[in-house]
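The values are calculated or read from the model by the stated rules, or taken from the named source; none is laboratory data. No experiment lies behind these values; they were computed from the predicted model shown. We place every Cβ from the backbone using ideal geometry, glycine too, and count neighbours over all the protein chains shown.
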Amino acid sequence: MRPLWTAAFVALAAVQPLAVAAPSLIGKGYLGPPDWRGNELAAQGLVSAGLRPGDNLLVLSRGQYVYLLTGALPKARYFNAMHLLCRFPTPDDDPLGTAFATRPKFVVMSDDGLALGCAEGRQLLRIRDILAKDYIHLATVTGAWDHFALYRAR
């Protein structure tokens with residue numbers, strides 16, 4: 001009887017992580033994996049607009065794969081959405097201002113209707129103001145479930 005219990009325990013131990021992670025691995029929309037198709041379209045749109053590997057790019061929320069797909073890198077000290085949109089402890093008082101002070105040549109902003117739960121409304125308003133003042137909206141691309149607005153510095 002002991003081998004049967006051991007086999008059952010091993011089977012349960014093997015299946016449990018899959019059962020727990022299934023929603024985030026195969027889920028749809030924002031509950032699932034990042035919108036790969038949206039990231040690809042955003043990268044293609046930026047490259048078509050003149051982005052070159054090594055250019056200063058800032059991805060403000062979802063869409064971090066765009067860095068990898070384009071070879072463009074953030075020059076900003078802060079580029080993680082939690083640092084830019086949320087109240088997150090950083091050595092600088094204004095990570096968003098610090099990021100924009102590097103004058104990114106291109107900016108990607110995902111659909112802010114699906115913002116992080118910790119995102120502060122005032123940060124989203126600041127982003128909209130900065131983008132309206134200092135950037136030209138190039139396009140908005142739509143992937144499987146997310147939208148990405150692409151901007152170039154004026």
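Before moving on, here are some points about what is shown:
- Any hit, region 74-84, residues being assigned to a helix (DSSP H, G or I), over 20 Å from residue 120 (Cα atoms) and assigned by TED's automatic domain parsing to the domain that holds residue 136: no
- Contact map, region 125-146: first residue free of Cβ contacts under 8 Å to residues at least 12 places away in the same chain, second residue in a strand (DSSP E or B), Cβ cut-off under 6 Å, separation 6 or more or different chains; pairs are 140/147; 140/149.
- Scan of region 67-105 for residues that are in contact (Cβ under 8 Å) with a residue 40 or more places away in the chain and hydroxyl-bearing (Ser, Thr, Tyr), ordered by number: 102
- Criterion (assigned by TED's automatic domain parsing to the domain that holds residue 53, in a loop (DSSP other than H, G, I, E, B) and of a type in the set (D, E, K, R)) met by exactly one of 126, 103: 103
- Flag: residue 100 matches the condition of being over 16 Å from the mean Cα position of the chain (by Cα) and buried (at least 19 other Cβ atoms within 10 Å of the Cβ).
- Selection count where residues are touching a Gly at 6+ places or on another chain (Cβ under 9 Å) and of a type outside the set (A, V, I, L, M, F, W, C), scope region 81-110: 2
- Residue 53 being under 24 Å from residue 36 (Cβ atoms) and buried (at least 17 other Cβ atoms within 10 Å of the Cβ): no
- Of the residues making up region 32-69, those that are at negative phi, in contact with a Phe, Trp or Tyr (Cβ under 7 Å, 6 or more places away or on another chain) and not in a helix (DSSP H, G or I) are 34, 35, 51, 55, 57, 58, 59.
- Scope region 84-110; condition farther than 12 Å from residue 59 by Cα and of a type outside the set (S, T, N, Q); matching residues: 86, 87, 88, 89, 91, 92, 93, 94, 95, 97, 101, 103
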